[in-house]
Amino acid sequence: LQKLDGVKTALTETDQVYGEVVFDDMTNADTLQALKAKTQLPEGQTIKTLLTPQEYKELDGCMKNLMGTGLSNPAVMQSMGHMTPQTLLTQLELILFMSRHMGEFDPTATFDQYFQTQAKHNSEPIGGLETVAFQAHTLYDVPMKRQIELLMCFVRNTERDAALMDRLTEAFYAQDLSKMEEAANEKYGNSCDATPEEQAALISRRNATWMEKMPSIMTAHPTFFAVGALHLVGDEGLLQLLRKAGYEVE
């Protein structure tokens, strides 16, 4: 994020910082236990037991291409084979991004953690627009059949996903919201595409809920909000919602 002009200055000059969630809330024991229940398969299950032999073979091959080793490696099976398909998909997307953008992302520091750490250095109050429990429900409470379907979509379309990821990243650094929206809305034309309900749950409904909270937060103190960039784009994005609510947005 050092590539984005103005971020450091804005963080320093604001009075408080809000993320999607408060990162420190993710580190308490109860939350970690709840997250484990959503991201790990039940005892006795592995990703191998969920997939058909052909699907498992394809997944193993995909992981070998990305990581140099796959689930046939006992150490990889131990660390990744017990993840839910949705969690494994998230990890593989991260690995794909890191393989193409070395040094641009620190996997040990999440998005919220990065900004909230800066806020602590500046002695600025920290807040979250939603709870960790709600975010975990949104991201991981997906029917198992759909989780498998989406994982296999990634496995079978890795090159296309990589090219799309590159376009999104380039648009992000250029701060070109229209190109980000264009890339995000690109469709496969099959079941790999997010359904309208999935898209609403992930983006537009959360935006609407955040917009109910942001005015009072901003009225109390000048605020730096840090949310995923795709929450900013389009008619249902936060920037347009702020304009519709009467705010001047630069």
task = Would you mind calculating the relative contact order of the chain from Cα pairs under 8 angstrom and at least 6 residues apart, reporting the percent as a whole number?
result = 29
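Which longest run of the chain has no exposed loop site in it, a site being trypsin sites (Lys or Arg not before Pro) in a DSSP loop with at most 13 other beta carbons within 10 Å, and the site itself not part of the run?
Working: sites that count: K3, K187.
Here the longest segment lacking exposed loop sites spans 4-186.
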key: Exposure rank, largest accessible area first [D30, D106, D60; 1.4 Å]   = D30, D106, D60
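Can you work out the accessible area per residue across the stretch 20-130, with the rest of the protein chains kept in place, probe 1.4 Å, in square angstrom?
Per-residue accessible area for the stretch 20-130 comes out at 55 Å².
At a 1.4 Å probe radius, carbon and sulfur cover how many percent of the accessible area of the chain?
On the way: 7660 of 14140 Å².
For the chain, the apolar C and S fraction of the accessible surface comes to 54 percent.
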remark   = Filtered hits (lysines, Cα-Cα < 21 Å from K244, offset >= 8 within chain) -> K213
remark   = For Y18 the rounded accessible area (nearest 10 Å², probe 1.4 Å, non-protein molecules ignored) is 40
remark   = If each part is reduced to its alpha-carbon centroid, the stretch 5-64 and the stretch 173-250 end up apart, in Å, by 21
ask   = Too long at a 31 Å Cα-Cα cut-off: which of K48/K120; K48/K187; K3/K57; K120/K179; K3/K145; K38/K179?
value = K48/K120; K3/K57; K120/K179; K3/K145; K38/K179
ask   = Mind listing which GluC sites (Glu not before Pro) in the stretch 116-208 are in a DSSP loop and have 14 or fewer other Cβ atoms within 10 Å?
value = E186
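The values are calculated or read from the model by the stated rules, or taken from the named source; none is laboratory data. Note that the structure is a prediction, hence the values are computed from the model and not measured. A quick note on method: Cβ atoms are made from the backbone with ideal geometry, for glycine too, and the neighbour counts reach across all protein chains shown. Heavy atoms of the whole protein, side chains included, go into the accessibility calculation; ligands, DNA and RNA do not. Shrake-Rupley method; radii C 1.70, N 1.55, O 1.52, S 1.80 Å.
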